[in-house]
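Working notes for the structure below.
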Amino acid sequence: MNQVAQQIEVHVPALMRYARALAHNPTAAEDLVQECVVRALTKASLYKPGTNLRAWLFTILHNLYVSEMRRNKKWKEAANPEAALDSLSVAPRQTHAVMLRAVREAMRRLPSQQKMILYFIGVEGKSYKEVSRELGIPVGTVKSRCSRARDTLQQELDNRTASFPHAA
């Protein structure tokens, strides 16, 4: 066993180079080589004298690296408890329902001309020109009514949703 330990020491620089090439991190490479040497010393009875010790050591090192990569890949997600908690939690939906109800109530209180124009432009996606033709009023009137409706709606929603913690 002592003879194997002396022979292993000769191969440590080559093992370090290989470990650095695998790990791309000097600290991880040192840890990998150290674990390889420990494993080789504890399993020295499995080494067959007269065979290629360097190849045996490189095989141990490579297998340790592969095992570490598999372990890291398997547990990578669980290593971040914040991400795990975020993926399990669900955003509250009641805030959206309350805000939607507030929008409906605010829309009901708008004058019918403003409500109709806001519906055509905001919901149906029609242009000012299309709404102007459809209602038989000038484009400027459509624009001003739409602007007033949006301002009124925004002001009322700002007043109502100021108390919502998640309103954005």
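The values are calculated or read from the model by the stated rules, or taken from the named source; none is laboratory data. Bear in mind the structure is a predicted one, so any value in this text is a computation, not a measurement. When we count neighbours, we look across all protein chains shown, and the Cβ atoms used for this are built from the backbone with ideal geometry, even at glycine. With ligands, DNA and RNA removed, areas are computed over all heavy atoms of the protein, side chains included. Shrake-Rupley method; radii C 1.70, N 1.55, O 1.52, S 1.80 Å.
For the chain, the solvent-accessible area of protein heavy atoms averages 72 Å² per residue (probe radius 1.4 Å; ligands and nucleic acids excluded). Roughly how far apart, in whole Å, are the Cα centres of the stretch 1-46 and the stretch 86-137? Each part reduced to its Cα centre gives a spacing of 69 Å.
Net charge within 15 Å of residue 148 by Cβ-Cβ distance, Lys/Arg positive one each and Asp/Glu negative one each, not counting residue 148 itself? Result for the neighbourhood of residue 148: +3. Straight Cα distances below 29 angstrom link residue 73 to the lysines 43, with same-chain residues fewer than 8 positions distant left out.
Computed over protein heavy atoms with a 1.4 Å probe, the carbon and sulfur contribution to the accessible area of the stretch 33-73 reaches 55%. Taking trypsin sites (Lys or Arg not before Pro) as exposed when DSSP calls them loop (any state but H, G, I, E, B) and at most 15 other Cβ atoms lie within 10 Å, what is the longest stretch of the chain free of them, the sites themselves excluded? With trypsin sites (Lys or Arg not before Pro) excluded where exposed in loops, the chain gives 94-168 as its longest stretch.
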